[in-house]
Amino acid sequence: MSDNTKGRKSLERTYGKGCMFKKAHIEEQVEALRVIKTYKMFLRETRYTGKKIQQLEGNMTYHHLKHRSEGGKTNDENGSIINELAHRYMHSLPRDQEEIINDMIRNYKMSIGTLIPSQEGIDIKQPIQIDLDFDIGEDCITIPVYDNTKEDYEKRKKFNRAKVKRETRQFIEDELDFMEELEEER
């Protein structure tokens with residue numbers, strides 16, 4: 001068994017199975033950056049068919065976050081599990097752009113914690129949480145947060161233009177009536 005296979009299996013025991021490239025939504029993050037060739041562009045350039053794409057996305061491989069040629073070791077800290085197609089995509093990029101994606105994977109690994117086998121089963125070692133207290137003061141924007149109950153969601157989801165129009169007309173009529181009453185009193 002090769003070192004990469006051992007490393008992949010160790011990562012699967014520690015972080016669970018599946019492609020970290022997909023789990024971390026790297027494709028969407030790269031598109032948002034607009035400075036790196038996107039995954040979709042890579043697929044168009046390679047001209048893989050649907051069957052070939054499915055085959056490559058189904059095969060998981062070990063990716064060195066720091067290349068072996070640069071002294072990177074095959075261990076949990078220096079690796080990630082990604083599918084073959086994502087692996088080809090990453091190695092098609094210039095080294096500095098690949099490093100941006102590697103940082104995204106590192107951040108993802110830090111955010112999910114670590115699965116640790118124990119005698120009682122599997123423990124989850126949560127990532128370190130740091131509470132940052134920013135003294136923002138009065139120069140800040142308050143963003144309203146909605147209650148996420150199903151009823152409130154339905155109310156927000158179904159905007160009724162006709163109802164708003166009726167309510168606005170009623171408000172205007174009430175105001176006009178009030179103004180007329182004031183005029184009559186004079």
Fill in: Residues of segment 9-39 with amide N under 20 Å of the 7 Å Cα→Cβ point at R95
36-37
Worksheet, complete the sentence: When K163, K66 are ranked with the fewest other C-beta atoms within 10 Å first, the list becomes K163, K66
Worksheet, complete the sentence: Excluding residues fewer than 8 positions from K163 in its own chain, the lysines with Cα under 28 Å of it are K150, K155
Response to the item:
Ranked on Cβ counts within 10 Å of their own Cβ, fewest leading, M20, M41 go M41, M20
Item to complete: Using a cut-off of 12 Å between beta-carbons, work out the net charge of the residues near K66 (Lys and Arg +1, Asp and Glu -1, K66 not included).
Response: -1
Discussion item. Based only on other Cβ atoms within 10 Å, what is the fewest-to-most ordering of D3, D96?
Written reply: D96, D3
Item to complete: For every other residue with a beta carbon closer than 12 angstrom to the beta carbon of G79, add +1 if it is Lys or Arg and -1 if Asp or Glu, then tell me the sum.
Response: +4
Item to complete: List, in order, the whole-Hz ³J(HN,Hα) value for each residue of segment 53-60 obtained from phi through the Karplus relation with A = 6.51, B = -1.76, C = 1.60 and θ = phi - 60°; use x for Gly and Pro.
Response: 4, 4, 5, 5, 6, x, 8, 8
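Read the figures in this text as sums done on the coordinates, not as results from a lab. Model, not experiment: these values are computed from the prediction. All Cβ positions, even for glycine, are placed from backbone atoms using ideal geometry, and neighbour counts span all protein chains on display.
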